[in-house]
Structure formats: structure tokens, C-alpha cells
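Reviewing the structure listed below.
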Amino acid sequence: RNRFVFLSDENVITSRAGDFFNLFGKSALTVTADDPIDITASSNYASYPTDCIAINAGLIIFSPFNQFLLTTDNDVFSPATAKIKDISSYDFNVNSEPFYLGTNVGFLATETSASKLYEMTEVTRDGQPIVVEQSKLVSRSFAANLTRAAASKELGLVLFSDGSKTAWGYKYFADGERKLQSAFFKWEFSHDVVDHYVMDDVYYAVMGDGDTTHLVEINLGEFIQQQDYEQDYSQFKYVDFQQTLTPVLGPLGGFVTIPYSGDIQVYREGSPINFKQSGTSVIVSGDDPITVGIPYTGSLTLPTIFVSKTKGQAAVNEWTGSLVVHRLKFQMGLHGAYNIHIKRKGRDDYNVLYEATMQDAYPADHSPTAFDIERVVPVYTRNTDMELSISSDFPTPMTIYSLQWEGDYNPKYYKNV
């Protein structure tokens with residue numbers, strides 16, 4: 001309502017309407033509609049508001065144990081009409097900030113073993129909102145003390161960090177009021193994530209290793225915007241902390257110094273080249289510009305496969321029956337080479353390298369990638385005895401559209417009570 005809001009102890013204080021830096025009333029004799037507002041948030045718990053976020057119904061205010069709504073039932077928001085309501089009583093991590101999940105609001109809470117991601121919906125002036133714990137599915141592995149959230153409503157994505165090398169992600173897709181699909185994942189970086197933010201489909205992260213601080217970016221919309229992969233193989237470099245350097249020619253070859261040590265990969269004109277590394281010193285042939293970065297591996301572990309049945313709007317797994325999975329069918333989008341690793345209880349593990357195209361079977365100077373292929377993986381294993389993961393450290397994309405399975409299912413003819 002065109003006011004500057006401050007949180008101080010148990011109070012919520014606003015400036016004069018339209019005058020952000022004026023905290024004094026117009027007159028000491030009377031109260032006008034545009035005077036500052038000073039109102040107390042009170043409940044049965046200790047209520048010290050630490051953060052807030054604006055929505056259509058008003059201002060949601062977060063304290064360690066409660067959530068409040070600063071609003072009005074009148075057309076004019078004034079000292080006489082302002083009110084603050086206790087709308088919910090969920091723990092809130094005071095070191096974090098609330099964020100938007102589309103048209104809803106998300107916030108973090110922390111227990112001793114794991115963080116909790118809550119989503120608040122249907123916040124109105126009358127009645128209680130709906131609060132759902134979205135992190136329930138990963139409650140055993142969701143990291144504790146997650147405090148920094150980088151949210152993008154356009155991408156349907158939130159990334160969380162606790163200052164370590166791991167960043168958790170929550171990806172969701174909503175169709176109007178219903179959330180049709182959501183998933184959690186995590187990224188492992190080579191440096192600690194000090195802070196991060198998402199802006200214009202680009203993920204910016206401040207990373208440090210104790211001695212050096214880096215500002216890095218990841219274009220989250222890059223693979224959507226760039227379609228002509230066959231014309232530019234150089235974009236398949238699979239490295240973090242990528243930078244272009246010009247070597248200084250010496251008696252041993254071209255010499256460069258990089259700001260980090262550890263495993264690296266060196267490219268020239270989009271293709272990997274040979275190099276020698278000693279700590280932060282790198283020697284290559286020639287003095288033409290090179291691209292240096294830290295290689296990474298993308299990995300996806302699939303959950304246990306069950307026969308599912310729909311009851312109402314929910315899918316329920318039939319976990320009491322016996323299921324033997326014969327084969328898995330992956331519908332692949334744009335992809336190159338990747339590994340499928342299968343662990344089977346009581347049997348040897350095996351790893352299979354799948355290549356999108358055969359060697360020498362694609363045009364020269366084009367990328368070895370393929371589109372829209374169904375990949376069939378034989379397993380013939382009981383569903384509870386199998387763990388399957390897909391990984392790739394090749395400089396090509398790996399896009400999975402969907403997964404289907406075939407197998408034998410026996411309900412055991414048990415009668416459910």
C-alpha cells in the first residue's frame with residue numbers, strides 16, 4: 001500500500017503512505033489515514049518477526065514459530081483499519097528468507113537432522129491457509145540448516161544452499177492451481193556456495209575455497225534456447241569454472257596459471273587437447289587461446305519401481321505384491337553417450353555404455369548426438385533387489401523424456417484388511 005515496512009522486536013512499523021523515509025505523524029492532535037502504522041504481532045509463542053513477503057491479500061510476516069498476515073478489511077490501509085492476524089504456527093528458519101513458488105509462498109524450517117520445505121497456499125483475509133510439507137519425500141536426506149534460497153518462478157525452480165559444496169534443487173510444474181509434477185535433486189560443486197541467485201534464467205553463484213572467491217554462472221535455459229548443436233560442437237564442453245586463457249609461450253610450450261588446483265580439462269577450438277598440470281600451473285602446446293575448466297559427472301539414481309494405482313487424485317503403490325521387472329524403456333531426447341549402471345542383489349553388478357551414434361556413422365565435424373530414440377535396457381530382476389543409475393561425463397547432453405517398464409506382477413492374492 002505504498003509504505004516502507006520495518007520489523008522491530010514484536011512490532012511491525014510502516015512509514016507514511018507515499019513518503020518512505022518519514023516515520024512521524026502529520027499532527028500530534030489527530031490521526032490521519034496516511035500516518036505511520038505501529039502494530040504488534042502477538043500469539044501464545046514468542047513472536048519476533050524476522051522476515052516478510054508481499055502477496056495479494058497483504059503482507060505475510062514470519063517469526064520463529066508463527067506466521068502472521070498484515071492486512072485490512074477496508075479500502076484504505078490506515079492506522080485505524082490495519083490489523084495483523086495469526087494465520088499459522090509452523091517453525092521458520094530465521095536465517096533464511098521466504099520466497100515465491102509461482103503464486104504460492106515457500107519457506108524453510110530446520111530440525112536437528114534435516115530441513116523442511118513448506119508451501120503455503122490459499123492465504124486470504126478470512127480463514128486459515130493451507131501449508132504442505134513438500135520435502136516429506138526426501139526428509140531422510142534433505143540437508144539440515146539450508147538457509148539460502150534462489151527461486152525462479154519462470155523456470156519453476158528453487159535452489160537451496162547451506163554454504164557447503166552441495167546445492168539442493170526443487171523443480172515443479174503447475175497447471176493453474178494444481179501442481180502436476182515435482183522433483184528434488186542436488187548438485188555437487190568443487191567449491192563452497194557462499195551465496196546464489198537466479199535472474200533471467202541464469203543461476204549466479206558466489207563460490208569460495210577459503211583462499212579465492214569466484215563468481216560463476218549457469219545458463220539454466222541454454223539447452224532450450226540453443227537448438228543447432230551440430231553446428232557448434234564447442235558448447236559441449238562439460239566443465240565448471242570455465243575460462244578462456246591465452247598461454248605465454250616458453251621453452252616447454254604455452255604456460256598459463258589457473259586460480260584453482262585439482263582435476264581439469266583443457267579445450268582448444270571446442271576439442272580437448274593434451275596438457276601437463278602441476279598444481280595451478282598448466283602447460284600446453286602452442287600459444288593459441290585455450291578453455292580451462294573442472295570436469296563434472298551428471299548422475300541420476302532411479303527410485304524403486306512399483307505397480308501404482310490411482311485413487312482419487314493420488315497414486316498409491318502396490319508394495320505388497322511380487323513384481324519382477326523384465327526390461328526398462330527410456331524415451332530419450334537429445335543425447336550422446338552415457339552409462340547405465342545396475343546393481344542387483346545376489347548377482348554381479350554390470351555397467352553398460354550406450355552411444356547415441358556408432359563411430360564413423362555421423363557426418364564429419366558434427367556432434368555424435370541423436371534425437372528421439374527409445375533405449376531398451378534388460379534387467380530381469382525383482383524390483384526391490386535392483387538399483388539403477390544413469391551417469392554421463394561425456395561432453396554431450398543427456399535428455400530423458402520418460403521411462404516405461406515391463407514385467408510380471410503377482411498380487412499374491414492377499415486380502416487387504
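The values are calculated or read from the model by the stated rules, or taken from the named source; none is laboratory data. What you see is a predicted model, and the numbers here were worked out from it, not measured in a lab. Here the Cβ is made from the backbone with ideal geometry for all residues, glycine too, and neighbour counts use every protein chain on show. These area figures cover heavy atoms from the full protein model, side chains too; ligands, DNA and RNA do not enter into them. Shrake-Rupley method; radii C 1.70, N 1.55, O 1.52, S 1.80 Å.
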_Verdict on Tyr350 being modelled with pLDDT under 90, of a type in the set (Ser, Thr, Tyr), over 28 Å from the mean Cα position of the chain (by Cα) and loosely packed, with under 15 Cβ neighbours inside 10 Å_ = yes
*Determine whether Lys136 is open to solvent by 90 Å² or more (accessible area, probe 1.4 Å) and within 30 Å of Asn56 (Cβ to Cβ).*
yes
*asked:* Checking the condition in contact (Cβ under 8 Å) with a residue 12 or more places away in the chain, charged (D, E, K, R) and more than 19 Å from Pro259 (Cα to Cα), which residue from Asp200, Asp195, Asp209 passes?
replied: Asp195
*Within the stretch 245-303, how many residues are modelled with pLDDT of 90 or more, aromatic (Phe, Trp, Tyr) and assigned to a loop (DSSP other than H, G, I, E, B)?*
1
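Only one residue in Gly163, Gly127 is at pLDDT 90 or above, open to solvent by 10 Å² or more (accessible area, probe 1.4 Å), at positive phi and not in a strand (DSSP E or B). Which one? Don't jump to the end; show me each part of the working.
Numbers: Gly127 fails: at pLDDT 90 or above.
When all the criteria are applied, what remains is Gly163.
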*Do we have Val194 as open to solvent by less than 30 Å² (accessible area, probe 1.4 Å), modelled with pLDDT of 90 or more, among the hydrophobic types (A, V, I, L, M, F, W, C) and part of a strand (DSSP E or B) here?*
no
_Exclusive hit being modelled with pLDDT of 90 or more, loosely packed, with under 15 Cβ neighbours inside 10 Å and in a loop (DSSP other than H, G, I, E, B), set Phe21, Phe65_ = Phe21
*Are any of the residues in the stretch 167-187 open to solvent by less than 50 Å² (accessible area, probe 1.4 Å) and either out of contact with any strand residue (DSSP E or B) (no Cβ under 8 Å at 6 or more places or on another chain) or assigned to a loop (DSSP other than H, G, I, E, B) (or both)?*
no
*Which residues, counting only those in the stretch 289-309, are over 17 Å from Leu137 (Cα atoms) and either of a type outside the set (S, T, N, Q) or over 21 Å from the mean Cα position of the chain (by Cα) (or both)?*
Pro289, Ile290, Thr291, Val292, Gly293, Ile294, Pro295, Tyr296, Gly298, Val307, Lys309
*Could you tell me whether the stretch 98-115 includes any residue that is part of a loop (DSSP other than H, G, I, E, B) and among the aliphatic types (A, V, I, L, M)?*
yes
_Quick check on the stretch 332-347. Is at least one of its residues part of a loop (DSSP other than H, G, I, E, B), within 24 Å of Gln404 (Cβ to Cβ), aliphatic (A, V, I, L, M) and open to solvent by less than 50 Å² (accessible area, probe 1.4 Å)?_
yes
*asked:* Pairs please, first residue from the stretch 151-167 and within 22 Å of His214 (Cβ to Cβ), second anywhere and open to solvent by less than 40 Å² (accessible area, probe 1.4 Å) and among the hydroxyl-bearing types (Ser, Thr, Tyr), Cβ atoms under 7 Å, 6+ apart in sequence or on different chains.
replied: Leu159/Tyr203; Asp162/Thr147; Ala167/Ser161
*Among the residues of the stretch 70-85, which ones are in contact with a strand residue (DSSP E or B) (Cβ under 6 Å, 6 or more places away or on another chain) and either free of Cβ contacts under 8 Å to residues at least 24 places away in the same chain or more than 16 Å from Phe4 (Cα to Cα) (or both)?*
Thr72, Thr81, Ile84, Lys85
_What are the pairs with Cβ atoms under 6 angstrom where one residue, in the stretch 102-131, is over 25 Å from Asp175 (Cβ atoms) and the other, located anywhere, is open to solvent by 30 Å² or more (accessible area, probe 1.4 Å) and not in a strand (DSSP E or B)? Sequence gap at least six, or different chains._
Ala109/Asp91; Thr110/Asn145; Ala114/Ser139
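Let's see how each residue does on (1) open to solvent by 60 Å² or more (accessible area, probe 1.4 Å); (2) more than 20 Å from Asn145 (Cα to Cα):
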| position | (1), (2) |
| --- | --- |
| Ser42 | yes, yes |
| Thr50 | yes, no |
| Ala57 | no, yes |
| Asn104 | no, yes |
| Lys116 | no, no |
*Asn11: under 32 Å from the mean Cα position of the chain (by Cα), open to solvent by less than 50 Å² (accessible area, probe 1.4 Å) and either at pLDDT 90 or above or over 18 Å from Phe107 (Cβ atoms) (or both), yes or no?*
no
*Restricting the stretch 83-102 to residues that are among the aliphatic types (A, V, I, L, M) and open to solvent by less than 20 Å² (accessible area, probe 1.4 Å), the residue that is nearest to Met199 (Cα to Cα)*: Leu101
*Which condition number does Val379 fail, the rest of (1) outside any loop (DSSP other than H, G, I, E, B); (2) out of contact with any Ser or Thr (no Cβ under 8 Å at 6 or more places or on another chain); (3) open to solvent by 40 Å² or more (accessible area, probe 1.4 Å) being met?*
(3)
*Quick check: is even one residue across the stretch 304-324 assigned to a loop (DSSP other than H, G, I, E, B), open to solvent by 90 Å² or more (accessible area, probe 1.4 Å) and not hydrophobic (A, V, I, L, M, F, W, C)?*
yes
